[in-house]
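Okay, handing you the structure first.
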Amino acid sequence: MKVEYQSLIDNAITGSAKRKALVLAYYFPPLGLSGVQRTLKFVKYMPHFGWEPTVITTGPTAYYAHDTSLLREAEAIGVRILRTSGNEINARLAKGRSQTMQMPAEWLRKTASYVSNTLYIPDNKMSWAKQAYAVARSLLQREKFDVIYVSVPPFSAAVAAAQLRMESSTPLVVDYRDLWYGNQFIRYPSLYHAEKHKKLERSVLKVADRVVVTNRKMKEKILYHHHDVMSFDRISIVPHGFDPQDMETPVPPKNNEKFWLTYAGIFYDFVTPQYFLQAFAQIKQMHPNIAHDIELHFVGHFRQENRGLVRSLGLERHIFDHGYQNHDDTLRILRMSDALWMMVGYAKNADTISSGKLYEYFGTRKPIIASLPEGALRQSAESYGAALLTSPHDVEAISKAILNLYEAYKRGVLPKPNPMVVEQYRRDVLTETLTQELYRAMSLV
C-alpha cells in the first residue's frame with residue numbers, strides 16, 4: 001500500500017518505523033579521493049531522514065590516498081562499520097608495510113590496469129567482494145534490513161549484492177558513480193571481455209529494485225545497452241554534491257595579493273595538466289607582468305612527469321605543489337583561492353562522466369575554468385553561472401579564460417554563481433532524494 005513519503009520520514013525519525021540500510025562500499029574512509037565522499041556523505045545524512053546505515057567496507061588496503069579527516073568524520077557519525085579484507089593485491093600489499101602507495105608513472109599504471117582488466121572480470125576487487133558477501137549474508141540471517149545499498153565501482157560489489165538480493169529477498173539499490181559497460185577507464189582486451197562485462201551487468205540489473213546514477217547521460221547509456229531488462233522509471237538521477245558543513249569552517253586569508261588559480265585532485269589517463277600549463281606558458285611569454293602576478297596551486301598527486309613538463313616550460317616559480325592533503329586541508333586551500341580549474345579530456349563515453357570535484361567546487365562558490373568535453377559535466381558547469389568553459393585541449397581558449405578571470409580579479413568583479421543552482425547540490429538535499437529511492441525499492445512510494 002502506497003503511503004506519503006513525508007509520513008515515512010516522520011515515522012522513521014520518531015522511531016515508530018525505523019528503517020535499516022545495509023551499505024556495501026569498498027571505497028570508504030580512511031581511503032580518500034572523491035569516490036569515497038559520495039557514500040560517506042550519504043551515510044552521514046541518512047539518519048536525518050529516518051535511516052540507520054550499517055557499512056561493510058574494506059580493511060587495511062594499499063592505496064594512493066588515505067584521509068584521516070574523512071576517517072574522523074566517518075567515526076563521528078556513529079554508524080556501525082564492518083571491515084573485511086580479501087586476497088586482492090591491494091590487501092596483500094598493505095600487510096607489514098605502509099598502506100599509502102606512491103602513484104606510479106602513467107605508462108606503468110596503464111600497463112598494470114590492462115593486465116588487471118585481462119585477468120579479472122569484472123575487476124580485481126572480486127576477492128574483497130566475496131568476503132563482503134559473506135559478512136553481509138551472515139548479518140542478513142541475524143538481523144532484518146529494509147534495503148541493501150551498493151556503491152559501484154568496484155562492480156564486483158554489485159555482483160555480490162545481487163546474490164544477496166536473490167537469497168534474502170531484501171530490496172537492492174545499486175548506485176553507479178561511473179558507467180559499468182563501456183566505462184571510460186576500462187580497455188577491454190577482447191570482445192569476450194566486453195561481452196562478459198555486459199552480461200554481468202545485465203544479471204545485476206535484472207534483480208536490482210532501483211538503480212541510481214549521477215547524470216542523465218549515464219542513464220541513457222544503461223537503458224540503451226540493457227533496455228530488455230531495465231525500464232526508464234527504475235533509474236533515478238542523484239548527482240554528486242558538496243557538504244555545506246564542510247564550507248562553514250573559517251579559513252585564513254591568502255598570504256599575498258596575487259591571483260590564486262587552484263586545481264584539486266589527481267592526474268591520470270585523459271585527465272592531464274598539459275594543455276593548462278601550455279596555456280599559462282603562453283601567457284608568460286606574451287604577458288610576463290601578468291604571469292608574475294598569478295600563482296598556480298595544485299593539491300593532490302601532481303606526478304613526476306608533470307613536474308618535468310613544468311620544468312620544460314620554465315614555470316617552476318609559478319607552481320605551488322601542495323601534494324596530497326586531507327579533505328579538510330584541501331577545502332581550506334580551495335576556499336582561500338580566487339578561482340579554480342578542472343579538466344576532463346576526450347575519452348569514450350566521456351559525456352557520462354560526473355567528476356565529484358566539480359560539485360565540490362560549486363560548494364566553494366568560486367569562479368571556475370572548466371575544460372570539458374560535451375556531456376553531462378559540461379552541462380552542469382554551464383548551469384553554475386560562474387564557469388568559463390573551454391574544450392579540454394584548446395590552449396588558446398584556456399589562456400584567454402585565465403586572462404579574463406585575472407582581469408576580473410583585478411577589477412574586483414569576479415563572477416558569482418547562481419545560488420539556486422548551488423543549493424541543488426547540497427549533500428543533505430541529495431541524501432533526502434536517495435532515501436526516497438530506498439523507500440521506492442521497498443515499494444512504499
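Based on this model, can you work out whether Tyr346 counts as in contact with a His (Cβ under 8 Å, 6 or more places away or on another chain), modelled with pLDDT under 95 and surrounded by 17 or more Cβ atoms within 10 Å (Cβ to Cβ)? Explain how you work it out, then say what you get.
Values: in contact with a His (Cβ under 8 Å, 6 or more places away or on another chain): yes; modelled with pLDDT under 95: yes; surrounded by 17 or more Cβ atoms within 10 Å (Cβ to Cβ): no.
No: the conditions fail for Tyr346.
Just checking, does region 389-400 include any residue being without any contact (Cβ under 8 Å) to a residue 24 or more places away in the chain and farther than 24 Å from Pro288 by Cβ?
Yes, because at least one residue in region 389-400 is without any contact (Cβ under 8 Å) to a residue 24 or more places away in the chain and farther than 24 Å from Pro288 by Cβ.
Can you report the number of residues in region 208-254 which are over 21 Å from the mean Cα position of the chain (by Cα) and not in a loop (DSSP other than H, G, I, E, B)?
Kept after step one, since they are over 21 Å from the mean Cα position of the chain (by Cα), are these residues of region 208-254: 208-209, 223-234, 248-254.
Then keep just the ones that are not in a loop (DSSP other than H, G, I, E, B); that gives 223-225, 232-234.
Within region 208-254, residues that are over 21 Å from the mean Cα position of the chain (by Cα) and not in a loop (DSSP other than H, G, I, E, B) number 6.
Mind checking which residues of region 370-408 are assigned to a loop (DSSP other than H, G, I, E, B) and crowded, with 24+ Cβ neighbours inside 10 Å? Working first, answer last.
Within region 370-408, the subset assigned to a loop (DSSP other than H, G, I, E, B) is 372-375, 385-386, 391-394.
Within region 370-408, Leu372 is the sole residue that qualifies.
Another question about this same structure. For region 302-339: of the residues being farther than 27 Å from Leu108 by Cβ and among the acidic types (Asp, Glu), which is modelled with the highest pLDDT?
Looking at the filtered set, the residue picked out is Asp338.
Considering only residues of region 17-68 that are of a type in the set (Gly, Ala, Ser) and within 17 Å of the chain's Cα centre (by Cα), which is farthest from Thr431 (Cα to Cα)?
Ala65
I want to confirm something. Restricting to region 291-337 and keeping residues that are among the small types (Gly, Ala, Ser) and surrounded by fewer than 20 Cβ atoms within 10 Å (Cβ to Cβ), which single residue is nearest to the chain's Cα centre (by Cα)? Steps first, answer last, please.
Taking region 291-337 and keeping what is among the small types (Gly, Ala, Ser), we get 291, 300, 308, 312, 314, 323, 337.
In the following step, the residues that additionally are surrounded by fewer than 20 Cβ atoms within 10 Å (Cβ to Cβ) were identified as 308, 312, 314, 323.
On the way: Gly308: 28, Ser312: 32, Gly314: 33, Gly323: 19 Å.
Filtering first and then ranking leaves Gly323.
OK, next. Which of the numbered conditions does Tyr263 fail, given that it passes all the others? Conditions: (1) modelled with pLDDT of 95 or more; (2) over 22 Å from the mean Cα position of the chain (by Cα).
Only one criterion in (1) modelled with pLDDT of 95 or more; (2) over 22 Å from the mean Cα position of the chain (by Cα) is unmet by Tyr263, namely (2).
Conditions (1) in a strand (DSSP E or B); (2) surrounded by 24 or more Cβ atoms within 10 Å (Cβ to Cβ); (3) without any contact (Cβ under 8 Å) to a residue 60 or more places away in the chain, marked per residue:
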| position | (1), (2), (3) |
| --- | --- |
| Ala17 | no, no, yes |
| Val23 | yes, yes, no |
| Gly35 | no, no, no |
| Arg38 | no, yes, no |
| Lys44 | no, no, no |
| His48 | no, no, no |
| Glu52 | yes, no, yes |
| Ile56 | yes, yes, no |
| Pro60 | no, no, yes |
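Of the residues that make up region 421-433, is at least one assigned to a loop (DSSP other than H, G, I, E, B) and aromatic (Phe, Trp, Tyr)? Lay out the reasoning, then the answer.
Within region 421-433, the subset assigned to a loop (DSSP other than H, G, I, E, B) is 424-425.
After this cut, where a residue has to be aromatic (Phe, Trp, Tyr) as well, the list is 425.
Within region 421-433, one or more residues are assigned to a loop (DSSP other than H, G, I, E, B) and aromatic (Phe, Trp, Tyr).
Examine region 429-444 for a residue that is outside the structural domain of Trp260 (by TED's automatic domain parsing), of a type in the set (Asp, Glu) and either modelled with pLDDT of 95 or more or out of contact with any Ser or Thr (no Cβ under 6 Å at 6 or more places or on another chain) (or both), and state whether such a residue exists.
yes
The values are calculated or read from the model by the stated rules, or taken from the named source; none is laboratory data. Nothing here was measured: the structure is a model prediction, and the numbers come from that model. Because the Cβ atoms are built from the backbone with ideal geometry, glycine has one as well, and the counts that use them run over all protein chains shown.
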